[in-house]
Every structure is written in C-alpha cells, then in structure tokens.
Amino acid sequence: MADKLIIFDTTLRDGEQSPGASMTRDEKIRIAKQLERMKVDVIEAGFAAASPGDFESIKAIASVIKDSTICSLSRANDRDIAKAAEALQAAQRKRIHTFIATSPLHMEKKLRMSPDQVLEQAIQAVRFARNFTDDVEFSPEDGSRSDMDFLCRVLEAVIKEGATTINFADTVGYAIPELYGNMLKTLRERIPNSDKAIWSVHCHNDLGMAVANSLAGVMIGGARQIECTINGLGERAGNTALEEIVMAVRTRKDYFNLDLGIDISQIVPASKLVSQITGFAVQPNKAVVGANAFAHASGIHQDGILKARDTYEIMRAEDVGWSANKLVLGKLSGRNAFKQRLDELGIALESEADVNAAFARFKELADRKSEIFDEDILALVSDEEHAHNNDAFHFVSLAQHSETGELPFAKVIFTSNGNEVTCEGNGNGPVDAIVNAIDSKVQSGAELLLFSVNAITTGTQSQGEVTMRLSKAGRIVNGVGADPDIVVASAKAYLSALNKLQSKMEKLNPQI
Ligand code: KIV
Ligand code: ZN
C-alpha cells in the first residue's frame, strides 16, 4: 500500500508574512474554508502570539473548520505556546507548531544563545506544548544550514519529549535538492528514535528550488509531510507551491507512489481566491494555475491536441478546476440563483441582509456587464466585506477626464469615518490624478511601490482588478479594487490600501 503524503498548507501564516499580503479575519476564514473544501490535511491558520488579530483569526478558523487539523505557530516559549493553545481550543483536531533556530549563524547573531541553551529551550517548549495536545510539530529553523551533530541532538531530544512531526526547514531557500534530501536521510538514519515522528519539509524559493527541494526531501529523505502555500505565496521569493507539489505527485504517481487526500478540482478556485484577496497576481506562465498553463498557442501543438490530448497535455485543465470559471449568471438571474452560486463557491455571508446587499451589488454589476463569472462574484463579495469593515475610507463615486494634450483631472467622492469628502486633483495620468485628489485630503505620506491591473476574466467587458502596494514607515500593504472601469478600480484599490495603512494591525514577525 502506498504511503500517504500529508499536505500542510501555510498560506495563512508563512504566506501572510509576504510583505503586503496581510489578510483580515473574514478573508482568512474564506481561504480556510476553501482549503478544507480542497481536503488539505493541516491548515496553519496563523501565529497566535503575533497580534490580537491573528489570535482571533485562528480562534474563528478553529471553530468553523471541521475536516482539517488546525495549527498555530509559536516560538519556543511558554507564552506563545499558551496563546496558540488558547486560540486552538475549539478545534476538533489541533496542532501546536513550535520552532527555534538551530544554525550557528541564527543562534549566535539572532538569538544570542549558546547551542546548549537552544537545546534546553526546544525540549522545554515541546514538553509544555504536549500539555495541550498530542499533536506537536517542532521545526529547527534554518535547519538546512545547521550542524548535523547538533541537529541530531536537538531532534532526538524533542522526539523523546513527544514531538510527533519534525519539520526540516530550509528557511532561507539555500538548499540544493540532492543535498537537502540526503541531509534529511542522514538525520533519519542517525537519530535512534526518528521512526517515532513524521518527517516534514518546509522550503523557501529563493533559488527557485522550493518544489524540487521538497520533493527531494520526500524521495531521498523519506519525508511524508510537505509544507506549502497556494500560488507559492510566502516570504521573499515565496514558499513551496501547493498546486505544483500536488500535481507533480499525482501526475507522476508511477515515480512517487504516494497517496494524497487532495480534491484537485479545488486547486484553481483556491488560487484565484488567494490571488484576489491578497492582490498578488499569478504570473501567466505559472505551472497549473497560470492563465497560460493549458493554453496551446502554436499551431503544431494545437493540431496534436486535437488528434490526441496526451500528445502535449500531461494534466487536464478541467481536472484542476479551470472549467469552474464558466459563465454562471446574468442580468436576469434571480436572488435564489445568486444565493445558490454563493453556496457552491462556499461563500457563507453572515446574514440575509448581507446576501441582499451582495445581490444588489450583483444586479448593479450585471447592468454594466452582461456575463457574470465566478471571479466577478468573488470580487463582489470582497467589496461587500470591505463595506462592512470598520474601515475609515469608502469609495462613493468618481468623475475623471483625460484627453490628448490635456492634463488628466479627477474628482473623487469618498467617505472618511462616515463623512462625505469631495476632492479634486490633476496628474500626469488618470491614476496619478486620482491619487493626488485623494491625497489632497488624506495626506497619506505613503509611497506607491507597485501598481498592477489584471482583467479578472476574459473579454473587454471584464472587470479590472487593481492592486496598489503602499509603503509607509516600514509597513507595506496591498490594496485591491475591482470594477469594469479600471480608473474606478484604481480609486478603490488606493482607498483600500490607505485603510490597511490606517489600521493599527501591528504584527510580530515570528522569525525576527
Ligand atoms: O521558514 C521557516 O523556517 C519557517 C519556520 C517557522 C517553520 O517558516
Ligand atoms: Zn517559512
């Protein structure tokens, strides 16, 4: 019988550590529900001690998710672990994931601790975590740059204390597949009680090898858990992409011979949801979830595909959920059809009043755009959620004028803490004019780091989804706005980014 490969998703924790990718509680719940629908084994819902917001998000996810194990990260100290345990209380299956750095560089420069102190703290942390759950994961941070003898001492000791999963972290994406796989193999061979734990891999993509390293950790090293994120979201160059791991293991079952519990039809919907919520667009040529992943441009390939699909296709687009974005609703669709589609997409709005408000937005959109796709509904629900947040700024309306040879002009009306504000501005383009108009009242002092527009579906009628990444005083946030008029989408994105900058969501990075 084939072994099971455990899929541990850390989009909501490691993914959220990506600058600008912070998510609200409701957004995290929506993603967690999608991960559950995809049958992810373990969902790392956050780092409970990072902030009250993180704590509340984990608590909410722990109480709504039934089929996946819910995990919280915690540093190796009693306070973090107790917070994690408290946030996870309602979970049907809970895991505490504790970690401490083990590389000479991290111990000396970051922790300023001796190896013996680190060893002792790791032991204490696992012992304390076991008071709350039998499912305890331990990660030696920067494991791939750690001394093997020291790693053996630490890992043997934490397994003895009851760690049930050992996660060999390539924190800075330094590993090379063969070397990484062999390190893991050596650890498992040298540590006498290694068979008492499940071994896991956690790889960053700094050298573009996160997926390759993870798979080498499985095939050479014997890991049976992979930590990964949707779209490879994660710090710096990101983390191991869940969709690539799952489709590699499945498509090449002849080689990997591992079982997965994942419902692959939910992969593309999950990718779109995460991209839409975080504002991190998926590159068109990204494996499995990129818009071109199944597009056959060359005539020769198309001819081959028409004769026999498998000439050039090793996976089927519809199997990973690409067909889900078909036309779903139109102008004449009623409230029931709309509600049913929300249910099918796993979107549970809190009250009937929320459904009515979302339906009113849907009707408004359907008046301007004859075909409404799933992506439109996701964007609309996000808009509706923002309208309900305690955000300071909300978009009301916009007038804008651009003409060759003239300086673009914008007049924007928005509300600031419930009061209507009207502002005007000029700029070297329509978006610059909008930003200048809003800034004439808000004086944000923020720097625009990134501006991107994507059509969220096909056709010129598509809504444009704008992401604006702002930076101020060391904080980076992403604002997202969608509208058939990309200038309006830009104004919404700018206000959404300003809201995030205003929120006092100070969050501790667990690894700093
Ligand atoms: O990259 C890393 O080392 C981590 C650990 C906390 C597992 O994210
Ligand atoms: Zn990480």
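The values are calculated or read from the model by the stated rules, or taken from the named source; none is laboratory data. The structure presented is a predicted model; accordingly, all values stated were derived computationally and were not measured. Reconstructed Cβ throughout: ideal geometry from the backbone, glycine too, with neighbour counts over all protein chains shown. Only protein heavy atoms, including side chains, enter the accessible area calculation; ligands, DNA and RNA are left aside. Shrake-Rupley method; radii C 1.70, N 1.55, O 1.52, S 1.80 Å.
Quick look at the numbers
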read-out: Qualifying residues in segment 12-33 (those that are within 12 Å of ligand 1 (Cβ to nearest atom) and assigned to a loop (DSSP other than H, G, I, E, B)) - the one nearest to Val64 (Cα to Cα); value: Arg13
read-out: Cβ pairs under 7 Å, 6+ apart, first in segment 365-379 and surrounded by 22 or more Cβ atoms within 10 Å (Cβ to Cβ), second part of a loop (DSSP other than H, G, I, E, B) and modelled with pLDDT of 90 or more; value: Asp376/Gln463; Ala379/Gln463
read-out: Residues of segment 23-44 classified as within 16 Å of ligand 2 (Cβ to nearest atom) and in contact (Cβ under 8 Å) with a residue 40 or more places away in the chain, total; value: 2
read-out: Filtered residue count, segment 417-450, keeping only those that are surrounded by 16 or more Cβ atoms within 10 Å (Cβ to Cβ) and within 26 Å of Thr278 (Cβ to Cβ); value: 10
read-out: Subset tally (residues that are among the acidic types (Asp, Glu) and in contact (Cβ under 8 Å) with a residue 40 or more places away in the chain) for segment 441-473; value: 1
read-out: Single unsatisfied condition, Pro510 versus (1) at pLDDT 95 or above; (2) closer than 30 Å to Glu235 by Cβ; (3) in contact with a Ser or Thr (Cβ under 9 Å, 6 or more places away or on another chain); value: (1)
read-out: Matching residues in segment 96-129 - criterion: being within 16 Å of ligand 2 (Cβ to nearest atom) and surrounded by 18 or more Cβ atoms within 10 Å (Cβ to Cβ); value: His97, Thr98, Phe99, Ile100, Ala101, Thr102, Ser103, His106
read-out: Leu111, sole failed condition from (1) within 30 Å of Ala90 (Cα to Cα); (2) more than 13 Å from ligand 1 (Cβ to nearest atom); (3) of a type outside the set (Phe, Trp, Tyr); value: (1)
read-out: Of all residues making up segment 122-159, the number that are more than 18 Å from Ala84 (Cα to Cα) and of a type in the set (S, T, N, Q); value: 2
read-out: Pairs, first assigned by TED's automatic domain parsing to the domain that holds Glu244 in segment 6-17, second open to solvent by 10 Å² or more (accessible area, probe 1.4 Å) and within 12 Å of ligand 2 (Cβ to nearest atom), C-beta under 7 Å, six or more apart; value: Thr11/Leu233; Asp14/Glu235; Gly15/Leu233; Gln17/Glu235; Gln17/Asn509
read-out: Residues that are among the β-branched types (Val, Ile, Thr), assigned to a strand (DSSP E or B) and closer than 16 Å to Asp14 by Cβ, drawn from segment 158-188; value: Thr165
read-out: Subset of segment 481-512 [surrounded by fewer than 24 Cβ atoms within 10 Å (Cβ to Cβ) and either within 16 Å of ligand 2 (Cβ to nearest atom) or assigned to a strand (DSSP E or B) (or both)]; value: Asp483, Lys507, Leu508, Asn509, Pro510, Gln511, Ile512
read-out: Residue match in segment 341-355 (condition: outside any loop (DSSP other than H, G, I, E, B), polar (S, T, N, Q), more than 19 Å from Gln461 (Cβ to Cβ) and outside the structural domain of Val480 (by TED's automatic domain parsing)); value: no
read-out: Condition broken by Phe409, with the remaining ones in (1) outside the structural domain of Glu465 (by TED's automatic domain parsing); (2) surrounded by 15 or more Cβ atoms within 10 Å (Cβ to Cβ) satisfied; value: (1)
read-out: Among the candidates Ile476, Ile438, residue that is assigned to a strand (DSSP E or B) and in contact (Cβ under 8 Å) with a residue 40 or more places away in the chain; value: Ile476
read-out: Residues of segment 34-58 satisfying the condition of being within 15 Å of ligand 1 (Cβ to nearest atom) and surrounded by fewer than 24 Cβ atoms within 10 Å (Cβ to Cβ); value: Ala49
read-out: Residue match in segment 265-286 (condition: under 12 Å from the mean Cα position of the chain (by Cα) and within 16 Å of ligand 2 (Cβ to nearest atom)); value: no
read-out: Those residues of segment 199-238 which are of a type in the set (A, V, I, L, M), away from ligand 1 (no atom under 15 Å from the Cβ) and not in a helix (DSSP H, G or I), in sequence order; value: Ile220
read-out: All positions within segment 328-372 that are touching a Phe, Trp or Tyr at 6+ places or on another chain (Cβ under 8 Å), among the hydrophobic types (A, V, I, L, M, F, W, C) and over 25 Å from Glu36 (Cα atoms); value: Leu329, Phe359, Phe362, Ile372
read-out: Residues that are more than 11 Å from ligand 1 (Cβ to nearest atom) and open to solvent by less than 20 Å² (accessible area, probe 1.4 Å), drawn from segment 167-189; value: Ala175, Tyr180, Gly181, Leu184, Leu187
read-out: Segment 20-29, residues that are within 11 Å of the chain's Cα centre (by Cα) and of a type in the set (D, E, K, R); value: Glu27, Lys28
read-out: Qualifying residue in segment 80-88 (condition: open to solvent by 10 Å² or more (accessible area, probe 1.4 Å), within 16 Å of Arg25 (Cβ to Cβ), of a type in the set (A, V, I, L, M) and touching a helix residue (DSSP H, G or I) at 6+ places or on another chain (Cβ under 7 Å)); value: no
read-out: Residues of segment 382-415 that turn out to be in a helix (DSSP H, G or I) and without any contact (Cβ under 8 Å) to a residue 60 or more places away in the chain, as a count; value: 3
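Residues checked against (1) assigned by TED's automatic domain parsing to the domain that holds Ala129; (2) more than 25 Å from Arg130 (Cα to Cα); (3) more than 16 Å from ligand 2 (Cβ to nearest atom); (4) in contact with a Lys or Arg (Cβ under 7 Å, 6 or more places away or on another chain):
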| site | (1), (2), (3), (4) |
| --- | --- |
| Thr165 | yes, no, no, no |
| Asn182 | yes, yes, yes, no |
| Thr186 | yes, yes, yes, no |
| Glu189 | yes, yes, yes, no |
| Pro192 | yes, no, yes, no |
| Ser200 | yes, no, no, no |
| Asn205 | yes, yes, no, no |
